[in-house]
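Colleague: Below is a structure I'd like to ask you about.
Every number in this text was worked out from the coordinates using simple rules, so none of it is lab data. Quick caveat: nothing in here was measured; it's all calculated off a predicted structure. Every residue, glycine as well, gets a Cβ built from its backbone with ideal geometry; the counts of neighbours run over all protein chains shown.
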Amino acid sequence: MSRRSWVEQVMGLPVSVLARGASAGSAAADAAVRAVYAELREVDRVFSPYRDDSEVSRLGRGELGWADATPLVREVAGRCLRAAELTGGLFDATRPDGNWDPSGLVKGWATERAARLLTAVGELDWCLNAGGDVVVNCPSGEPFVVGIQDPLDPAAVKTSVAVSAGAVATSGTTARGAHLYDPRTGRAVTGRRLSITVVGPSLELADVLATAAFVSGDDWTDFLDRIAAYEGLCIAPDGTWRTTAGWPR
């Protein structure tokens, strides 16, 4: 079976595509991957809170009003509101300083949205990985094995999960430190856990749920159990892990 891979730096993250199948070496596959990267760069241009010229930054400075924001920004704002409702407020795109920052939803949403370009290529299994948030589609039925990083040793894999269709998203403090805030207190979450990984059909929702579960209390498994088709794995500060009952073995 033919295999091919690509990797580029987008949104400040390594974004990789692994493809296999009869079409993996084709011009159609290469064009689809290039289109994926182009779409993710455009999303970064619009949504990055680290770019002074992004719409998110301009909204935060008051240079742009919501009525003048692009339809895509308003769509994401609506998705953030629905995510807040679904999670009972555990996910909130408004930072403690009052600025709107949809980063906790945008990466998963944008990656899943761009992945549709790969689905259009026939006879192709693919795995799209955006900085550890992964979406997979394998028409062949043969899964990709997705490694879950050990937060105590970022060069190591703690465990893995086989995925033939669906998503894997992780929230934690390994890469960016204590950057996740509890919307109920406005304070950064520290000490409770190192990471939470969520698997399920949608990367957008898995990403949101991983963030919400990370900031929740010890009842994080109860929280995830209320969302059908999504399962989670939590790694504690001592390196031990705990999963929801339906986590794939």
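Colleague: Got a sec to turn the phi values of segment 221-237 into Karplus ³J(HN,Hα) couplings, 6.51 cos²θ - 1.76 cosθ + 1.60 with θ = phi - 60°, whole Hz, x for Gly and Pro?
Modeller: 5, 4, 4, 5, 5, 7, 9, 4, 6, 10, 10, x, 9, 10, 10, 8, x
Colleague: For segment 191-235, calculate the relative contact order in percent as a whole number, restricting contacts to Cα pairs under 8 Å that are 6 or more residues apart.
Modeller: Value for segment 191-235: 52 percent.
Colleague: Still on this structure, please answer the following. Please list, in order, the residues from segment 96-119 whose amide nitrogen is less than 16 Å from a point placed 7 Å along the Cα→Cβ vector of Trp6.
Modeller: Counting backbone N atoms under 16 Å from the label point, the list is 111-119.
Colleague: Right, another one. Which of Asp125, Asp219, Asp133 moves the most in a Gaussian network model of the chain with Cα springs under 10 Å?
Modeller: Taking springs between Cα atoms under 10 Å, the residue moving most is Asp219.
Colleague: Still on this structure, I have one more. Hey, how many Å between the Cα centroid of segment 1-41 and the Cα centroid of segment 94-173?
Modeller: 14 Å
Colleague: Roughly how big is the chain's charge dipole about its Cα centre, with Cβ charges of +1 (Lys, Arg) and -1 (Asp, Glu), in debye to the nearest 20?
Modeller: So the dipole magnitude of the chain works out to roughly 160 debye.
Colleague: Find which of Val15, Ser54, Met1 sits farthest along the positive direction of the dipole of segment 1-89, computed with +1 on the beta-carbon of Lys and Arg, -1 on that of Asp and Glu, about the Cα centre.
Modeller: Positive-end residue among those listed: Met1.
Colleague: Is it possible to state the helix-based mean residue ellipticity at 222 nm for the chain, with each DSSP H run of 4+ residues giving -39500 (n - 2.57), the sum divided by total residues, to the nearest 500 deg cm²/dmol? What is it?
Modeller: -10000 deg cm²/dmol
Colleague: Work out how much length Arg249 to Thr190 would gain on full extension: take 0.36 nm times their residue separation and subtract the Cα-Cα distance, in nm to one decimal.
Modeller: This chain segment gains 18.4 nm when fully extended.
Colleague: Just want to confirm a number: the relative contact order over the chain, from Cα pairs under 8 angstrom separated by 6+ residues, in percent.
Modeller: 16 percent
Colleague: Please identify, among Ser103, Ser26, Ser164, the residue showing maximal mean-square fluctuation in a Gaussian network model of the chain using a 10 angstrom Cα cutoff.
Modeller: Ser26
Colleague: For labels at Arg61 and Ala162 in the simple 7 Å Cα→Cβ model, what's the distance in nm?
Modeller: That separation, rounded to one decimal, is 5.2 nm.
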